[in-house]
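To keep things clear, I will list the structure first and then write my remarks on it.
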Amino acid sequence: MIRMAGLYLVVSLTVILIGLCVTVDIVRRGAKGNQLTQRVKSITGLMAVLAGDAAIAGSALWGVHKTGGTKEPQWAVSILTASFTAIVSITTAYFGIKAVTNMAHDVVLGQTPPSQQNDEQ
């Protein structure tokens, strides 16, 4: 169990470190002003979703391990189903909100959304 927790901790910290490196790289490439803000917000939001998904998956694996795994499969099925539902809900909500926010941002700036560009041609 300690090995599994250690591996989970290493993977989680690696994901966070990769997110920080990507953010620093974006800053170094010279994005300025609003563009920099939008990029950093996008990456940090995605990293938060990934960290949340990893936490849910880790606790689900821990729960399956503690309940006996294959000895009592009904517990494993319920834990895995609940965790899968939570991960899908969080990820879908993030991308849905991100899409709406991007659309609203484009409308405020006066840019035509891609779906309407095809209609105008």
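The values are calculated or read from the model by the stated rules, or taken from the named source; none is laboratory data. Note that the coordinates shown come from a computational prediction; the quantities given were computed from them, not determined experimentally. Surface accessibility is based on the protein's heavy atoms, side chains included, excluding ligands, DNA and RNA. Shrake-Rupley method; radii C 1.70, N 1.55, O 1.52, S 1.80 Å.
Brief remarks on what is shown
- For the range 69-78, Karplus couplings with θ = phi - 60° (6.51, -1.76, 1.60), whole Hz, Gly/Pro x: x, 7, 5, 10, x, 4, 5, 5, 5, 5
- Extension gain (nm, one decimal) between residue 98 and residue 21, 0.36 nm per residue minus Cα-Cα: 25.5 nm
- Surface composition of the range 10-85: carbon and sulfur make up 72 percent of the accessible area, probe 1.4 Å.
- For the range 80-88, backbone phi angles converted through the Karplus equation (6.51, -1.76, 1.60; θ = phi - 60°) give residue-by-residue couplings of 5, 5, 5, 5, 4, 4, 5, 5, 5 Hz, Gly and Pro being listed as x.
- Length added when fully stretched, residue 82-residue 12, from 0.36 nm per residue minus Cα-Cα: 23.1 nm
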